[in-house]
Amino acid sequence: MTSPAAGEGRPDYAPVPPSALGPALNDQGYYVGRVERNLYWVTDGVYNSAFLTTGDGVVLFDAPPSIGHNLQRAVDQVAADNGVSNRVTHLVYSHHHADHGAGSSLFGDVVRIGHEETHRLLRRDGDPARPLPEVTFADAFTLEVGGERVELAWHGPNHTPDNIYIHFPDHDTLMFIDVVNAGWVPIYNTNLSEDVIGYMEAPAIALAYPWTHLISGHLGRLATRDDVAVHQQYIADIEASSREALASVNPVPFYTGAGANVWLGIKGHLNAVTTAAAAPVIAKYTGVLAAADIEEFTYTTTFAIMQSLRLDKGPSGPVHP
Ligand SMILES: [Zn+2]
């Protein structure tokens, strides 16, 4: 896999902004770079992972199967260059999802660390590629290996019930997966998130930590605080235009026009609200965030946020007199 050149793309879609693209991959399909000192990140251009080299071995943070065996290759390359151990001794799960963790079993008998909800969900899902973490925590855990310190914390559900914040206080870095995509819009339905309110509030929690570098789950480059701010504005714009569309689109014609088929009425109404709410956001962010003009992404994220405004925040509708 190689990164396409900036500007290259399908003629019916806006070119990918060069700012959204990361470094070129090597012949084996990965890039490994130093974040700060002995903290490194690895990418295949779509998925990101990270590792910390220490005097007692290597701590790996997530193991996306798409990077797979290239994770150990990246560790070997860095360890050889720096004369340190290439032995992975610990693996931290950011959350239970297979696309970020199913390379875990490649590392055999290492100490796995994860949130207690990650443990529960991995036990539920029973995937041998993602062995259960033997070290779990509820709210916070300080991981200390070879004189290095990493702060793991859970601040409530967002993308998943178990998605954690991984702070490297001595490396000016936060790792936080599957909420902000560096330079790109979220994919479908608030980046396939389970808790919409938690997803919307998570970036502010991330920004409350001190850091300069963000290792996000996707897509091939590190993120900055500005990337998080642009993402927050994109979500805030969707929220504002959803409120406006909910208030301005008249539902009555959709329901009267649907006759006895009430569900056809609701489809007409909610689709009209979503289209009205998403259109100005798609226009504003095309050329700013990559893939903003893939309508399904902003449309389904708008639908999810609009429904959360109705169902979580309320009101869902007028009270019958
Ligand atoms: Zn995920």
On Cα atoms only, tilt of 225-248 relative to the major axis of the chain in degrees: 20
Cα-based helix-to-principal-axis angle, 295-308 vs the chain, degrees rounded to 10: 80
Sum of -39500 (n - 2.57) over DSSP H runs of 4+, divided by residues of the chain (222 nm, nearest 500): -11000 deg cm²/dmol
Check: the chain dipole with +1 on Lys, Arg Cβ and -1 on Asp, Glu Cβ, in debye: 520
Contour excess over end-to-end distance, with Cα ends at Leu264 and Asp226 and 0.36 nm allotted per residue: 9.5 nm
Gap separating the Cα centres of region 119-170 and region 184-211, nearest whole Å: 17
Helix 196-208 axis, angle to the chain major axis (alpha carbon atoms, nearest 10°): 50
Approximate spin-label separation Glu144-Asp312, in nm, with each point projected 7 Å along Cα-to-Cβ: 3.7
Qualifying GluC sites (Glu not before Pro) in region 95-162, DSSP loop, other Cβ atoms within 10 Å at most 12: Glu134
Charge dipole (debye, nearest 20) of region 235-313; +1 at Cβ of Lys and Arg, -1 at Cβ of Asp and Glu: 240
Farthest positive-ward along the chain dipole, Cα basis, beta-carbon charges - from Pro157, Ser242, Ala292: Ser242
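Rule-based calculations on the coordinates, nothing more; no lab input. Predicted model only: the values in this text are computed from it and were never measured. Neighbour counts run over all protein chains shown; Cβ positions are idealised from the backbone, glycine included.
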